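The values are calculated or read from the model by the stated rules, or taken from the named source; none is laboratory data. All values reported here derive from a predicted model rather than from experimental measurement. Ideal geometry is used to build each Cβ from the backbone, glycine not excepted, and the neighbour counts take in all protein chains shown. The area values use the complete protein model at the heavy-atom level, side chains included, leaving out ligands, DNA and RNA. Shrake-Rupley method; radii C 1.70, N 1.55, O 1.52, S 1.80 Å.
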Amino acid sequence: MVLGSSHPKSSGPARPRRNVLGLFVDWLEDDYQLEVLCGVTDAAESQGCDVLCFAGGGLDSPHRPAGNRNFAFTLASPERLDALTILAGAIGNWVGPEALDLYFAEFSRLPRSTLAVPLRDAACVQVDDARGMREAVDHLVSHHGYRKIAFIRGPEANEEAERRFAVYREVLEESGLPYDPGLVSVGDFQRASGVAAVHQLFEERRREPDAIIAASDTMALGALDALAVRGLRVPMDVAVVGFDDIPEARFASPPLTTVRQPLYEQGLHSANMVLAMLRGATVRGQVSLHTELVTRRSCGCFVQANSLRLHSAKVLGFRNLRDAVSSRREEVLADVAHAVRGVQRVSLTSSGERLLDALVDELGGKGQPCFISELEDVLRSVGSQGVDGNVWQDVLTALRRQLLPMLNSPTVRLLADDLFQHARLVIAGHVERLQARQRLDAERWIRVLSEANEAVIASFDVQAIARAVGAQLPRLGIPSGYLALFCGGNAVPRMARLELAYDSRDRQISDLTGQVFPVTDLLPGGRAALKRRTTLIVLPLNHLAHELGFLLLELGPRQGGIYEALRDEVSAALQGAMLVQQVIEKDRERERLVHDLERRASELEAMNQALRDNQAALVAAEHMASIGRLTASIAHEMNTPVAAVRAALSELERLAQEYRESATDSQVSPADHSEIASEMSGSIRLATRAAERAADFVRSIKNQTRNSGKGERVAFDALVQVRESLLLLGHALRKSNCRYELNALSERVTLVGDPGRFGQVVTNLVGNGIDAMSDAGGGLVELSFVEQVDALELRVRDHGPGVPAELLTQIWEPLFTTKPFGHGTGLGLTIVREILAADFGATISVENAADGGAEFCARFPQGVSEVSS
């Protein structure tokens, strides 16, 4: 596949003068990603391009908050980038190539390159990991004779990891070794999975391999940790081999045998490819870089086994050492270059040539001794660039291996050995000083990061956090930094507010603080706000699933952990500040709510008092209305007997007068007097019967209205109380053209309670039935006592229209009534239910009869009721 200018430039607003190269990585804590970033940065810097590195986590990764930081990739816009490099192997560990293609489809118009995993229409830089893994497995089998070799795989969705695993199985088969699935554990390229794999192998599966190969150095280092905890010695008990050759592999204990892949070169190649495509050049679609087995002590090798083996040179025929070296110069320098291969970012070829020439001059007796001085000068030069000093021991080994066969003179050979020994002591001193400086630098970084963490975490509002971050950036060696927080409240953040703008070389950049801008611009005004070439790392700020904003940090120290640590600190501080702000807001809200509640409580108390007053007035009105109805009934019932008494007395007075007048009348016979006396007796009897009727009515009133005292309970005949209630309601019954029918099971029904209160229940229920039938021209009210197994029921049924179904539960509510205004208070049934519950422990229900009307059923439990024959 060939790629080139067929990638059209995307349309959009005018771009800055410098091209912008985007780099997508998962995070920067590991050396793997950092080495790639350094390669991309150096390539872009050499061509005057800016770099935006988006550290957005692995897609769908279950580790850390990696999946929650994927939103960092959405901050990258195809309109703001000119080209793109994707660390596809790391980002797509958990999803595979198809999902990666789909996720980054919006960038398909840009010149693109990927590392490790090919994507559609993108150049790809890969390494020959199959060759490297083959060398590693074969080395363990053929060179050391290991037979039980365990393997820690990478994620199954990762193509590189699967290739390495497939080669492991192929070499076992080719070597005649059986494949044992119990010796294989699945990892995820994280250190913890190497620890877990050792636990699984030794504890769960009870396997005891004599060697372990991991698909990455990080997992191999985790395996070293776990083996040390178990008390197993490496390589004496178990050999360990990794893959990648990250810097930490050289400093492990013991140093880790691994397959070196050129990480820095991968970043360099991938950037150069897309920048060439951007210029319209045609590039190869895929580039494969070589890998190499680097043997160290962890596999059992104590001297580096180099793949390059030069035969000892025959110096016969050469006039002197200079001629011998000159004839084999390229081979000698190739061996030296091989010794320093894998030391990224610094070219050591010229340094190797300088040492070779100085050594030849001194051994050849030309001029003053110069080799050690040249070595010290080289060590000072490359030491300032961060190169591991131990690599120079390998350079000396290569020079000695190449030069000693060319030295015929024993004196010169002794001199050479002295120089090499002296040089090794110089290198050892340099390494010791370098390590001491590295320890001091590490301690300084730890101290600075700790102080930065304290300063940031101790801040409880966004402005204070921004100030704390700005104060720590120069101490961390970060030239510029920007802090932006999302605003607008959208589910997908579209706008951000710049809270911090710091640039050690441009003081005016702070004027951008406080401005709101589209998140894909990354800065107010976009990249045009920056006047110089730079590499910016875009770090998402989030707490779990909460997306807060992002940090832009210019690449300063080439130590990824610094940027990730600062990101974690700022994320935690922002979340803490937001929680504090929420507490403050909630406290304010609580105060407002308390104030509102107090005000509402006062209002409710006033309303409740008014309601109690109104209810008391309504109860009084109900009582007055009841008294009025009772008075009308009494008046009507008493009028008849009183009128009869008056009529009888009037007739008796007339007869008495007639009797007096006839007493002296001779014409009136004794029979006439007897007749008059008989008529007088009839009037007296009529008056007596009328008076007795009035007395009975008055007695009924007394029985209905008497109060047996608070808490006093007496046994009474419920039938007597029902009849007296019906007597009082006689006028209402006749007036509404209603009649009643009383059905009892026996001559006496005994209840225990307040008879007057029971009469009030009957009066209300019968009165309710009379009211229900009055508009229909009257009807029958049926009262029945029904004996159940565990209770006695009083049923009062009318033949009116019934109760609407939707009102069956509401009729018991206080003040609820369907009667016209002035004809009821809505308290009657409420009072009935309260009397039954409080005085008799009874319940009441209502239902509509199938043939019309409503039936109320008061249920009196055993203990308060008795039926007697």
Inset, instruction - Assess whether LEU727 counts as being touching a helix residue (DSSP H, G or I) at 6+ places or on another chain (Cβ under 6 Å) and either in contact (Cβ under 8 Å) with a residue 12 or more places away in the chain or under 21 Å from GLU793 (Cβ atoms) (or both). - result: yes
Inset, instruction - Report whether or not ILE212 is farther than 22 Å from ARG250 by Cα, β-branched (Val, Ile, Thr) and open to solvent by less than 10 Å² (accessible area, probe 1.4 Å). - result: no
Legend entry - Among the candidates LEU742, LEU794, LEU751, LEU780, residue that is at pLDDT 90 or above, outside any loop (DSSP other than H, G, I, E, B) and open to solvent by 40 Å² or more (accessible area, probe 1.4 Å): LEU742
Inset, instruction - Could you please find all residues in region 419-433 being over 12 Å from LEU359 (Cβ atoms) and either surrounded by fewer than 18 Cβ atoms within 10 Å (Cβ to Cβ) or in contact with a helix residue (DSSP H, G or I) (Cβ under 8 Å, 6 or more places away or on another chain) (or both)? - result: GLN421, ARG424, LEU425, VAL426, ILE427, ALA428, GLY429, HIS430, GLU432, ARG433
Inset, instruction - Give me the pairs, please: first residue somewhere in region 225-249 and acidic (Asp, Glu), second residue anywhere and open to solvent by less than 60 Å² (accessible area, probe 1.4 Å) and in a loop (DSSP other than H, G, I, E, B), beta-carbon distance under 6 Å, and either six or more positions apart or on two chains. - result: ASP244/SER216; ASP244/GLN261; ASP245/GLY342
Inset, instruction - Output the number of the condition that SER61 fails; it satisfies all remaining conditions of (1) in contact with a strand residue (DSSP E or B) (Cβ under 7 Å, 6 or more places away or on another chain); (2) outside any strand (DSSP E or B); (3) surrounded by 19 or more Cβ atoms within 10 Å (Cβ to Cβ). - result: (1)
Legend entry - Selection count where residues are assigned to a loop (DSSP other than H, G, I, E, B) and open to solvent by less than 10 Å² (accessible area, probe 1.4 Å), scope region 80-92: 4
Inset, instruction - Mind listing whichever residues of region 143-160 are assigned to a loop (DSSP other than H, G, I, E, B) and open to solvent by less than 50 Å² (accessible area, probe 1.4 Å)? - result: GLY145, TYR146, GLY154, PRO155, ALA157, ASN158
Inset, instruction - Out of the residues in region 93-141 that are at pLDDT 90 or above and among the basic types (Lys, Arg), state the one that is surrounded by the fewest Cβ atoms within 10 Å (Cβ to Cβ). - result: ARG109
Legend entry - Within region 195-210, tally of residues that are at positive phi and in contact (Cβ under 8 Å) with a residue 60 or more places away in the chain: 0
Legend entry - Lone unmet requirement of (1) open to solvent by 20 Å² or more (accessible area, probe 1.4 Å); (2) closer than 23 Å to ARG134 by Cβ for VAL238: (1)
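Table: residues versus (1) in a loop (DSSP other than H, G, I, E, B); (2) farther than 27 Å from ALA150 by Cα; (3) modelled with pLDDT of 80 or more.
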residue: ALA305; (1), (2), (3): yes, no, no
residue: LEU308; (1), (2), (3): yes, yes, no
residue: HIS311; (1), (2), (3): yes, yes, no
residue: LEU316; (1), (2), (3): yes, yes, no
residue: VAL325; (1), (2), (3): no, yes, yes
residue: VAL346; (1), (2), (3): yes, yes, no
residue: SER350; (1), (2), (3): no, yes, no
Inset, instruction - Just need a number here: residues in region 36-48 that are on the phi < 0 side of the Ramachandran plot and open to solvent by 10 Å² or more (accessible area, probe 1.4 Å). - result: 4
Inset, instruction - Output the number of residues of region 515-529 satisfying the condition of being in contact with a Pro (Cβ under 8 Å, 6 or more places away or on another chain), open to solvent by 20 Å² or more (accessible area, probe 1.4 Å) and touching a residue at least 60 places away in the same chain (Cβ under 8 Å). - result: 2
Inset, instruction - Pull up region 533-550, narrow it to residues that are in a loop (DSSP other than H, G, I, E, B) and modelled with pLDDT of 85 or more, then point me to the one that is most open to solvent (accessible area, probe 1.4 Å). - result: ARG533
Inset, instruction - Go through region 114-132 residue by residue and tally those that are over 38 Å from the mean Cα position of the chain (by Cα) and not aliphatic (A, V, I, L, M). - result: 4
Inset, instruction - Filter region 573-587 for residues that are out of contact with any strand residue (DSSP E or B) (no Cβ under 7 Å at 6 or more places or on another chain) and surrounded by 14 or more Cβ atoms within 10 Å (Cβ to Cβ) and give the result. - result: ALA573, GLY576, ALA577, MET578
Inset, instruction - Evaluate region 178-191: report whether one residue or more is open to solvent by 20 Å² or more (accessible area, probe 1.4 Å), within 21 Å of LEU232 (Cα to Cα) and modelled with pLDDT under 95. - result: yes
Legend entry - Cβ-Cβ under 6 Å pairs, at least 6 apart or on other chains, region 658-669 side modelled with pLDDT of 75 or more, far side assigned to a loop (DSSP other than H, G, I, E, B): SER662/VAL668
Legend entry - Residues of region 234-292 classified as on the phi > 0 side of the Ramachandran plot and over 40 Å from the mean Cα position of the chain (by Cα), total: 1
Legend entry - Restricting region 494-521 to residues that are among the polar types (S, T, N, Q) and more than 12 Å from TYR482 (Cβ to Cβ), the residue that is farthest from the chain's Cα centre (by Cα): GLN508
Inset, instruction - Could you check how many residues of region 817-859 are surrounded by 15 or more Cβ atoms within 10 Å (Cβ to Cβ), modelled with pLDDT under 80 and assigned to a loop (DSSP other than H, G, I, E, B)? - result: 5
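Pick from region 265-290 the residues that are among the hydroxyl-bearing types (Ser, Thr, Tyr) and surrounded by fewer than 21 Cβ atoms within 10 Å (Cβ to Cβ): which of them is farthest from ARG164 (Cα to Cα)? Let's see the steps before the verdict.
As a first pass, look at region 265-290 and keep what is among the hydroxyl-bearing types (Ser, Thr, Tyr): 270, 282, 288.
Subset that is surrounded by fewer than 21 Cβ atoms within 10 Å (Cβ to Cβ): 282, 288.
On the way: THR282: 31, SER288: 15 Å.
The residue in question is THR282.
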